[in-house]
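Visitor: Please read through the structure below; I'll follow up with questions.
The values are calculated or read from the model by the stated rules, or taken from the named source; none is laboratory data. Note that this is a predicted model, so its numbers are computed, not measured. For neighbour counting, all protein chains shown are included, and Cβ atoms are generated from backbone atoms with ideal geometry for every residue, glycine included.
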Amino acid sequence: MENLIKKAAEQLAKAKSVVALTGAGVSVESGIPPFRGKGGLWEKIDPMEFAHIDSFMRDPAKVWNILIREMKDIVDKAKPNDAHNGLARLEELGILRTVITQNVDGLHQMAGNTDVIEFHGNFAWQKCLDCNKKTETFRISLDEIPPKCECGGILRPDCVFFGEIINPQHLLRSRKAAYECDIMLVVGTSALVQPAAYIPVTAKESGAVVIEINPESTPLTGSISDYIIKGNAGKVMKAIVSEVERIK
Ligand code: APR
């Protein structure tokens, strides 16, 4: 793994425009479970029953009790880990431009990245189904389920449920970033959910070097990714950034 860390650091130090695509794996070391693989959330609950917009509209209380209450407890307490801090440091060094994240925990912004495209929205906000007013999640009391807006409307997380479209602005900006980058770091994603999983393909087709950081291989490995650095994102990002600082 050491020589791939050195190789990635050398490529990043020379890069003109680096973009990162991240998934739940970057937040695992912050105590937020992934969705798939060991300890994954979808091993315990069925996403189609609890994370689909139709199930939410059919029974918001059920989704609030089973999925959202647990998510709120975990996300309210989570802090950035070495993976988030490494990506923020790459922005400080003028190397990383944009983070496209599938995560809804807001940890990239908390770590200091300033251009974060939240492809699946952000759990830090709730939105009223009636008047569309947004309220910060930490302000919501769970005494009443589902929580209500002042107008009486039901609140829902400002995230993208299964069955919903991605915000067209996020889609366009992400595609543009993928076209224009010369390196795409793909960190902590199983690359199974579209259209996010297609972003590295767009980058590859536009001539970018695609570098995966993940303990496991994904459908991108060996075909889209130039190489995969197998390991936990915190440890790998920390090692890459210290190597970049040494050679830059
Ligand atoms: N460091 C890096 N990667 C890790 C780590 C770690 N410490 N731990 C786990 N991983 C990897 C796993 O090997 C897996 O490839 O992170 C990935 C997590 O995959 P998923 O749980 O499927 O998360 P993600 O790819 O973000 O899911 C995409 O699916 O359910 C929807 O909306 C949800 O945004 C999510 C989307």
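Visitor: Sort out which residues of region 91-127 are assigned to a helix (DSSP H, G or I) and buried (at least 24 other Cβ atoms within 10 Å of the Cβ), and write them in order of number. Working first, answer last.
Guide: As a first pass, look at region 91-127 and keep what is assigned to a helix (DSSP H, G or I): 91-92, 107-111.
Leu107, His108, listed by residue number.
Visitor: Please find, among Ala51, Ala83, the residue that is within 12 Å of the ligand (Cβ to nearest atom) and not assigned by TED's automatic domain parsing to the domain that holds Ile229. Spell out the reasoning first.
Guide: Numbers: Ala83 fails: not assigned by TED's automatic domain parsing to the domain that holds Ile229.
Within the list Ala51, Ala83, the selection yields Ala51.
Visitor: Having 2 or more residues that are under 28 Å from Asn214 (Cα atoms) is the bar; report the helices (runs of 4 or more DSSP H) wholly within region 24-81 that clear it. It would help to see each step written out before you state the result.
Guide: Numbers: elements: 41-44, 47-50, 53-58, 60-63, 69-77.
Here the list reads 41-44, 47-50, 69-77.
Visitor: Go over the candidates Pro168, Pro157 one by one and state the one that is crowded, with 21+ Cβ neighbours inside 10 Å and more than 16 Å from Ala20 (Cβ to Cβ).
Guide: Pro157
Visitor: Examine region 53-65 for a residue that is buried (at least 21 other Cβ atoms within 10 Å of the Cβ) and under 20 Å from the mean Cα position of the chain (by Cα), and state whether such a residue exists.
Guide: Taking region 53-65 first, the residues buried (at least 21 other Cβ atoms within 10 Å of the Cβ) are 55-56, 63-64.
In the following step, the residues that additionally are under 20 Å from the mean Cα position of the chain (by Cα) were identified as none.
No; the residues of region 53-65 include none that is buried (at least 21 other Cβ atoms within 10 Å of the Cβ) and under 20 Å from the mean Cα position of the chain (by Cα).
Visitor: Please report, ordered by residue number, the helices (runs of 4 or more DSSP H) entirely within region 139-248 with at least 1 residues that are closer than 27 Å to Asn85 by Cα, near the ligand (Cβ under 10 Å from one of its atoms) and not small (Gly, Ala, Ser). Even if it seems obvious, please write down each step before you answer.
Guide: On the way: elements: 168-180, 199-205, 233-247.
Once the helices (runs of 4 or more DSSP H) in region 139-248 are filtered for at least 1 residues that are closer than 27 Å to Asn85 by Cα, near the ligand (Cβ under 10 Å from one of its atoms) and not small (Gly, Ala, Ser), what remains is 233-247.
Visitor: Kindly provide the set of residues from region 7-44 that are near the ligand (Cβ under 6 Å from one of its atoms), under 27 Å from Val244 (Cα atoms) and small (Gly, Ala, Ser), ordered by number.
Guide: Scanning region 7-44 gives Gly23, Ala24, Gly25.
Visitor: Right, here's the next one. For a quick check of your reading of the model, give me the residue pairs whose first member lies in region 20-39 and is assigned by TED's automatic domain parsing to the domain that holds Val116, whose second is more than 9 Å from the ligand (Cβ to nearest atom) and of a type in the set (S, T, N, Q), with beta-carbon atoms closer than 9 Å and at least 6 apart or on different chains.
Guide: Here the result reads Ala20/Thr98; Ala20/Asn113; Leu21/Ser174, each pair linking region 20-39 to a residue that is more than 9 Å from the ligand (Cβ to nearest atom) and of a type in the set (S, T, N, Q).
Visitor: Filtering region 214-228 down to residues that are within 18 Å of Val193 (Cβ to Cβ) and in contact (Cβ under 8 Å) with a residue 60 or more places away in the chain, which residue is surrounded by the fewest Cβ atoms within 10 Å (Cβ to Cβ)?
Guide: Filtering region 214-228 for residues within 18 Å of Val193 (Cβ to Cβ) gives 214, 216-221, 223-225.
Now drop any that are not in contact (Cβ under 8 Å) with a residue 60 or more places away in the chain, which leaves 214, 216.
Working: Asn214: 25, Glu216: 13.
It comes out as Glu216.
Visitor: Then there's this: Does Gly37 fit the bill of being over 19 Å from Ala203 (Cα atoms) and either crowded, with 18+ Cβ neighbours inside 10 Å or small (Gly, Ala, Ser) (or both)? I'd like the intermediate steps shown before the answer.
Guide: Working: over 19 Å from Ala203 (Cα atoms): yes; either crowded, with 18+ Cβ neighbours inside 10 Å or small (Gly, Ala, Ser) (or both): yes.
When the stated conditions are applied, Gly37 passes them.
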